[in-house]
Amino acid sequence: MLHDIRWTSQKVAKYLELIEPLVYRSKIPLQSFSYYELENPADKPIISSGMDDRDWQEIQANSCWGGVDKNFVLRTSFHIPTDWGDDTPIALYLPIGIAGDFSHPEALVYIDGESFAAVDRHHQEVILPGSITRDVSYSLTLHGWTGNLSQGKLPSLLMGECCLVEIDQATRDFISLARVAHGIADQLDRNDPIRAQLLTSLNQAFNLLDTREPLGKDFYASVPDAFHSLEEGVKLSGPPQEIQITAAGHAHIDIAWLWTLAQSRQKAGRTFHNVIRLMEQYPEFTFSQSQAQLYEFVRQDYPELFDHICKKIKEGQWEPLGGMWVEADCNISGGEALIRQLLLGRSYFRQHFGKGAESPVLWLPDVFGFPWSLPQLIKEAGLESFFTIKLGWSQYNRLPFDSFWWQGLDGTRILTHFSTTKGSTDTFVSTYNASATPDEVLTTWKNFQQKDSGIPGQTPPLLMVYGYGDGGGGPTREMLENLQVMKHFPGTPQVQMGKVGEFFKDLRDSAGDRLPTWNDELYLEYHRGTYTTQGRNKRANRKSEILLHNLEFTASLAKLLAPEYEYPYRDLRRLWELVCLNQFH
């Protein structure tokens, strides 16, 4: 009650807002950008450091630029002053605009002509590599897309003040711990003693923090004591909950939705560049990514990035999964097409990443319902588990289980899990785009329908899938910071960064024999209207499936009648890849 009377939570929120900018101990504004529009996303960006851009449009800080659906190149330069410490993290802070939807605007960052990372509305900081030399000028090029600007509701973007920044890591660590402690306290019941202890610890820590104006040396000198006080206070606040949540980093990329296929290729490159950079900074971070088609785009467009991905897969940090060529529609696609999705996807992963590299999980988080025949296909493809969240979007009838055995028409059973992480609205039950915030961790447990496992002291493990998606982007630094803090946090489920395959193994080992069975199709109520429209597309898809059947039959017959005939395997594979690509949900 004392904290409510004194508005401790509200006061801490204001303190966090006040000190957040102080993570950047020093800032040097970048020169204005030169701006050039490209006709389409497939155009090669102009990245040469010696390129003459004097005729390009100048974009200064706090000015409007771009427009709806613009492909662009932005160019400037930077250099690190010699008086900045060698051991201090240095970054580019690039707030190039906020479009309102997804991760737009988004751009791949080139330093001296070499692709390095990406920026978007959720990823505005690029940590520079240690190889960057002091007081040497480097060219900076951004190749990207403005996005749909809230589907045309915004006329242009507002360029922020882009800077070269010197990071104070101690301040960032304190903010991460305080942010999580504040978030957990706000989610706990007011009668929970852990809530009171966390607020007391926060209040004591901020009392030690020197926030007198002007904020400067005295503030930074006070940070270590404030951090130590908060850290000790959190340890004494109470135990964590005996609930295990695996947090799987992810980036859902809709290959075709509110953008073109060519744009999706760019999205994959931008997202995967950022994932590699985060893996370098956070060795415990693991990332799970489906859709063989996306990997093939990256292999063709960014061969060096693809090599980095292969290396991270071998090291166990990157998890290929999903089984299919794309995350395919499972209602309109014919049975043979679904089999080809699995054959193409699984063979691609084996070819490029090695046997056993792929986790045996059919990963279809956003697909609009599933036929009763699918478990048999999953098992025949050599997969063992199935994941989605979409059934949680049903408007009236929620499936009574979140972890269960899904039994197919022939009796085949597949271990299945629906993530229960609450989304950002009250309308839908769960999300595959979690932000790894304290409230999402708690709602992952609160929304789980099978809390009573049947064995005292044992609850099935849960899965939280985090990272910006639909339009790509993936996990952020803030998400990883939150997860590091919440490993064993008072009053909270214990969260471990991990891979999807590991989660399903834990679920099978700990609760597999106690899970119920669902013996029916998985019908999604919410998107049912999508299958009554676009008849032309459905007809064209079915014609393509029939023509490919007839072509393969004819080619096989020709081979039997004329052994010298060369069966057109490569051409047929390419055609099936095209049809499967267009069956994206």
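Put simply, of GLY322, GLY345, GLY316 the only residue that is over 18 Å from ALA118 (Cα atoms) and at pLDDT below 95 is GLY322. Of the set (1) within 19 Å of the chain's Cα centre (by Cα); (2) touching a residue at least 60 places away in the same chain (Cβ under 8 Å); (3) not in a helix (DSSP H, G or I), all apply to SER333 but (1).
Filtering the range 57-83 down to residues that are of a type in the set (Gly, Ala, Ser) and in a loop (DSSP other than H, G, I, E, B), which residue is least open to solvent (accessible area, probe 1.4 Å)? Reasoning before the result, please.
First pass over the range 57-83, keeping only residues of a type in the set (Gly, Ala, Ser): 61, 63, 66-67, 77.
Still in the list and also in a loop (DSSP other than H, G, I, E, B): 61, 63, 66-67.
Numbers: ALA61: 52, SER63: 33, GLY66: 29, GLY67: 5 Å².
Per the criteria, the residue is GLY67.
Selection of first residues in the range 192-216 that are without any contact (Cβ under 8 Å) to a residue 60 or more places away in the chain and of second residues that are surrounded by 15 or more Cβ atoms within 10 Å (Cβ to Cβ) and charged (D, E, K, R), restricted to Cβ pairs under 9 Å at least 6 apart or on distinct chains, gives the following pairs, ordered by first then second residue: SER201/GLU231; ALA205/GLU231.
Table: residues versus (1) in a helix (DSSP H, G or I); (2) polar (S, T, N, Q); (3) surrounded by fewer than 13 Cβ atoms within 10 Å (Cβ to Cβ).
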| site | (1), (2), (3) |
| --- | --- |
| ASN191 | no, yes, yes |
| ILE194 | yes, no, no |
| LEU198 | yes, no, no |
| ARG212 | no, no, yes |
| LEU230 | yes, no, no |
| VAL234 | yes, no, no |
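Every test in (1) assigned to a helix (DSSP H, G or I); (2) hydrophobic (A, V, I, L, M, F, W, C); (3) in contact with a Gly (Cβ under 9 Å, 6 or more places away or on another chain) is passed by ALA221 save one, and that test is (3). With a requirement of 2 or more residues that are open to solvent by less than 20 Å² (accessible area, probe 1.4 Å), the strands (runs of 3 or more DSSP E) lying completely within the range 84-156 that satisfy it span 90-93, 106-111, 114-120, 138-145. Yes or no: the range 259-270 includes at least one residue that is of a type in the set (A, V, I, L, M, F, W, C), farther than 27 Å from LYS355 by Cβ, crowded, with 21+ Cβ neighbours inside 10 Å and over 17 Å from the mean Cα position of the chain (by Cα). Within the range 259-270, one or more residues are of a type in the set (A, V, I, L, M, F, W, C), farther than 27 Å from LYS355 by Cβ, crowded, with 21+ Cβ neighbours inside 10 Å and over 17 Å from the mean Cα position of the chain (by Cα).
Would you call ILE255 open to solvent by less than 70 Å² (accessible area, probe 1.4 Å), under 26 Å from LEU199 (Cα atoms) and within 18 Å of the chain's Cα centre (by Cα)? In short, no. Count of the range 374-395 residues, restricted to those that are open to solvent by 30 Å² or more (accessible area, probe 1.4 Å) and more than 20 Å from ARG340 (Cα to Cα), is 2.
Candidates are the residues of the range 280-303 that are among the charged types (D, E, K, R) and in contact (Cβ under 8 Å) with a residue 12 or more places away in the chain; the one that is least open to solvent (accessible area, probe 1.4 Å) is GLU296. Here ARG398 fulfils each of the conditions (1) farther than 24 Å from GLU545 by Cβ; (2) crowded, with 18+ Cβ neighbours inside 10 Å apart from (2).
Restricting to the range 27-56, give me the number of residues that are loosely packed, with under 14 Cβ neighbours inside 10 Å and either acidic (Asp, Glu) or touching a helix residue (DSSP H, G or I) at 6+ places or on another chain (Cβ under 7 Å) (or both). Counting residues in the range 27-56 that are loosely packed, with under 14 Cβ neighbours inside 10 Å and either acidic (Asp, Glu) or touching a helix residue (DSSP H, G or I) at 6+ places or on another chain (Cβ under 7 Å) (or both) gives 5. With the structure loaded, tell me whether TRP7 is free of Cβ contacts under 8 Å to residues at least 24 places away in the same chain and on the phi > 0 side of the Ramachandran plot or whether it fails that test. Considered against the rule, which asks whether it is free of Cβ contacts under 8 Å to residues at least 24 places away in the same chain and on the phi > 0 side of the Ramachandran plot, TRP7 comes out as yes.
The values are calculated or read from the model by the stated rules, or taken from the named source; none is laboratory data. If you're wondering where the values come from, they're calculated on a predicted model, not measured in any experiment. Ideal geometry is used to build each Cβ from the backbone, glycine not excepted, and the neighbour counts take in all protein chains shown. Side chains are part of the model used for accessible areas, which takes the heavy atoms of the whole protein and leaves out ligands, DNA and RNA. Shrake-Rupley method; radii C 1.70, N 1.55, O 1.52, S 1.80 Å.
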